[in-house]
Each structure stands twice: as C-alpha cells, then as structure tokens.
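Working notes for the structure below.
Every number here is computed from the coordinates shown, using simple stated rules; none is lab data. Every value quoted in this text rests on a predicted model; they were computed, and no experiment measured them. We place every Cβ from the backbone using ideal geometry, glycine too, and count neighbours over all the protein chains shown.
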Ligand SMILES: [Fe+2]
C-alpha cells in the first residue's frame, strides 16, 4: 500500500488494497496510522457490499449507529428491508412511487460533524460512492486541529473553557426533523452540551468541536453575544486554508474522523442521480 497525501490541509489517498477482501492485521495498522495522521482517507475503485461496509468500519472502531437510531427515532421509514439497520443511504433518488430512497436530497449539506447532537457521537464515517454526479455533490473537509492551533489569541481566550449546545432539530441539509418543533430561541433548542475544544482520545491533541452552526448556542452568554462569538469562530474555522474538497468517482470510499474534522457537501442538479452507502463507528463522550 501507498499513502498519497492531498498536499492540502488534510486527506490522503491509500492505494494498493482491495477492501472487499479481509484486511490483515498489518494492513489494518498501516491504514489506522494513515487515518490518525491525515484524518480523511480515500480508497478508489472499491466494490463493496453492505456487509463489506459493515466489516470495514471495524478497522476504525466499534460499530456505530445511524443518526435516526442515535436520536431514538427508530429506523428510517424509507429504508427497504434489505438495507441493514446500521447502513444509511444518502441519495436524491426516488422510487417508483416518488418516495426518496435515501437522506439529504440534492441540496447543500452545510459544514458539520456527524451526530454531535448525541452524548456519545460517532467517530468514523465511511461513505461509498455507487452513483455520482458529473457536477456538484463534492464533499469538503476541514482540519479542526489546524483551526484550533491557528486561532487568534483573542478568539482563543473567548472560546477556551466554554461549552455549546448541539441542537438535534435539523439535519445537515438544514431540514427540520419532523419529530421536533421549530426553534425560535437557540438557547432553548433540544440538544446536547459539548466543550468547544475537545481532546482527541487517540492523539491527545486539542481541536475545535463545533457540530453545526444552525441553532448552536454557547452556554452562559446572552443569545446575541453567543451568536457574535459563533459567527467569529465559524468564520475563522471555515477558511479554505484548512480545507480539502473531494470530487467523487464511482467506487470511491472516503473514511473520515468526525472527532477532528467537519465536512460539507455542494448542492447538485435535481435531475442528476447520486447514491452513497454509509456506515459508522461508535465514538466516546466528548472531553
Ligand atoms: Fe455528515
């Protein structure tokens, strides 16, 4: 195997492995070391079944659950019986009756980290491309270690030691989950409290942990001050110098560490088809 870094703030391609076959202990160690160093890994040309995607996640951690189950909302209604509970379908495709076969549609998915609205958010996300778009649908990533390390001193002083509420109400495309009421005051949004700066359990390095901007709230501040500080923090974090954007091909598998990265998806044409399969690993409480 070889590791080919993107040359940008994070991400590397791993070549020379067929992930449809069992991963040896030596290969596993090689892959996990690259994952720890580069935060996002790309494997091209992979042909993977649902079972492969569920087996592969265990290279990166213990099995994790899909967002709906983490929220206690049960199984996604649209999932056909042949899709295992721990697989999420990300797609804009509809079935013969016009019902979506997957989540997130064709719109933009705003910068976020997966499932930060739970006490114990997932760690790795594995996303495998089955159908891709010619244009749009690219996935971007941000290195949250770098964003933390390079915070201006004034901003760092305002952020260190603070905690934020991570709202459960909207998904990453900004769509409200029907089980929750619309939020009018972000300080009262149903959610979970996490520190704005976390220590990665494997590397022991500090990084920013922001979740998503929509309905975020920094505890112990009046809402206008929380909004102002969040805007400043997000403007600092979402700079291109901390980012890498991936243009998908069929057969790509991307694996990212949600504990130290955020991701974003560009919108694409509603006439185009995009189909992705996703599995996850369980993480740890955020400290
Ligand atoms: Fe996501």
Divide by every residue of the chain the summed helix terms, -39500 (n - 2.57) for each DSSP H run of at least 4, and state the resulting mean residue ellipticity at 222 nm, rounded to the nearest 500 deg cm²/dmol.
-5000 deg cm²/dmol
Would you please give the FRET efficiency between residue 153 and residue 36, computed as 1/(1 + (r/R0)^6) with r the Cβ-Cβ distance and R0 = 25 Å, to the nearest 0.05?
0.35
List the extent of the Cα atoms of the range 57-143 along each of their three principal axes, largest first, rounded to whole Å.
36, 32, 24
In terms of the Cα gyration tensor, with a ≥ b ≥ c the square roots of its eigenvalues, is the range 140-287 rounded because a/c is under 1.5, prolate because a/b exceeds b/c, or oblate?
oblate
Can you give the percent of C-alpha pairs in the range 1-93 whose distance is more than 20 Å?
47 percent
What's the center-to-center distance, using Cα atoms, between the range 149-221 and the range 251-277 in Å?
22 Å
Given the chain, what percent of its DSSP beta bridges are antiparallel, to the nearest 5?
90 percent
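Contour minus end-to-end for residue 202 and residue 163, with contour as 0.36 nm per residue of separation and end-to-end as the Cα-Cα distance? Spell out each step's value before the answer.
Working: separation 39, 0.36 × 39 = 14.04 nm, distance 2.16 nm.
Extra length from residue 202 to residue 163 when fully extended: 11.9 nm.
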Give me the extension gain from residue 50 to residue 227: residue separation times 0.36 nm, minus the current Cα-Cα distance, reported in nm with one decimal.
59.6 nm
Kirkwood calc, the chain, C-alpha pairs only, radius in angstrom 19.4 Å
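Quick check on the range 205-287: what does the Kirkwood estimate of hydrodynamic radius come out to from the alpha carbon pairs, in Å? Can you show the working numbers first?
Details: mean 1/r = 0.0623 Å⁻¹.
For the range 205-287, inverting the mean 1/r across all distinct Cα pairs yields 16.0 Å.
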Burial order of peptide ranges 162-170, 25-33, 243-251 (average beta-carbon count within 10 Å, highest first)
162-170, 243-251, 25-33
At 0.36 nm per residue, and after removing the present C-alpha to C-alpha distance, how many nm does the segment from residue 247 to residue 28 gain when stretched out fully?
76.3 nm
Going by average Cβ neighbours within 10 Å, how do the peptides 218-230, 46-58 rank, with the highest at the top?
46-58, 218-230
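What is the calculated FRET efficiency for residue 177 to residue 272, with r their C-beta to C-beta distance and R₀ = 25 Å, to the nearest 0.05?
On the way: r = 25 Å, r/R0 = 1.02.
For residue 177 and residue 272, the calculated efficiency is 0.45.
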